[in-house]
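All remarks here apply to the structure that follows.
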Amino acid sequence: MNQTLCALQTVFKRGRVLPIAHVWVTIFALVLGVLPADAQQITTDLSHGTSFQFQIAPGLPPFTFKVIPEVRESDDRGNQQSTVQGIEVYRGDSARPLQHLTGCEWSEMEPPPTGSDWFRTEDVNFDGYNDIYVMTTWGATGNQYGCVWLYNPATERFEYSKEFSELPRHWLDAASKTILTFDKGGAAGLVFDANKYKIDQNKPLLVWHEHQDWDFEKRQFHCLVEERKGTAMVTTRDDRSNPGDDWSDVTAPCDPSGLFAGSQGKMRH
C-alpha cells in the first residue's frame, strides 16, 4: 500500500499533472509490478553529458558549450533524472575552455523534458549578439523558468543576468524590442500573469502588466491591467466578472488568448 501511494505521488510531482499517456504507464506498472520496456521517456537523458554549438554573431567563431552532467539515478518509472553540474564554453577550435558558466543554481534544476529546446540561444537584450538560455524548471501547464547569460562583446564572455533569469517563459518581439512573459495558473489558464518589458540599461524594464485571478470569497474573476507612465506603473483597467458558483460558470473579463496573434505566438498587445 505504501509503495502504491508513493508511486501515485510521483504522478503529480510538485503539483504538475503528467501527460495522460504517462499516467496510464504508471498505473500499468503499479498493477503488474513492472514498467513496460517501451515506455515513453518524458525527460532528456543527460547522464553522459552533451554539447551544443552556436553562432553568437556574424564575424565571430562558433562557440561550443559542453554540459558536465550531475548524474542521478532514474526515478521508479525509468525517467532520467540527471541534470547539469556545470557548463564549459569553448571559442572556435580551442581545446581549452574560455570560461565556465556560473551564477545558476544547478542543484535546483529539474531534468529537462524530452524534445524541448532547453538549451538555446536568443538575443534577449536585442543588442545583435545571441545570449544563452538554459531551462531549469518546467510544468505541464507550459510554465518555464531558466538561467540567462548575456554575451558581452567587450569581454567576449557570457555574463549571468539575475534580472533576465527571473523572467518566466517569454517571447521576443525584435521589431518593437520588447519581451512578453506569461505565467499560467489554474482555471484552465484564465488565472494568469502577463508582463511586457523593454530594455533599459541592459536590463528588462516592466512597461505593461496584466494579472487575472479567481476571488474565492466573492466567487468572481478579477483582472487588473497596469501600464508605465513615466517612471510609475498606473492602473488602466480594473474589472471583475459577474459572480458564479464556479469559475467555469462565468466569463472572465480578460482573455489571455488575446495576448498572442496567430499560431506563431507573436504579441498582440
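Computed from the coordinates by the stated procedures, all read-outs in this text should not be read as laboratory data. It should be emphasised that the depicted structure is a prediction, and the values quoted were computed from it without experimental measurement. When we count neighbours, we look across all protein chains shown, and the Cβ atoms used for this are built from the backbone with ideal geometry, even at glycine.
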Note to self: Using 5 Å bins from zero, what percent of all Cα-Cα pairs in region 107-176 falls into each bin?
What the structure shows: 4, 16, 26, 25, 16, 9, 4, 1
Item checked: Low-density loop positions, GluC sites (Glu not before Pro), region 93-126 - DSSP coil, at most 14 other Cβ in 10 Å -> Glu105
Note to self: Run the numbers for Asn202 and Asp127: contour at 0.36 nm per residue of separation, minus the present Cα-Cα distance, in nm.
What the structure shows: 26.1 nm
Checklist line | Gain in span if fully extended, Ala175 to Thr231, counting 0.36 nm per residue against the direct Cα distance | finding: 17.8 nm
Checklist line | region 157-236, Cα convex hull volume normalised per residue, Å³ | finding: 129
Notebook entry, point to check: How far, in nm, would the chain grow between Ala95 and Ala188 when pulled straight, counting 0.36 nm per residue and subtracting the alpha carbon separation?
Noted result: 28.5 nm
Notebook entry, point to check: Label Gln85 and Thr114 with points 7 Å out from Cα along Cα→Cβ: what is the distance between them in nm?
Noted result: 2.6
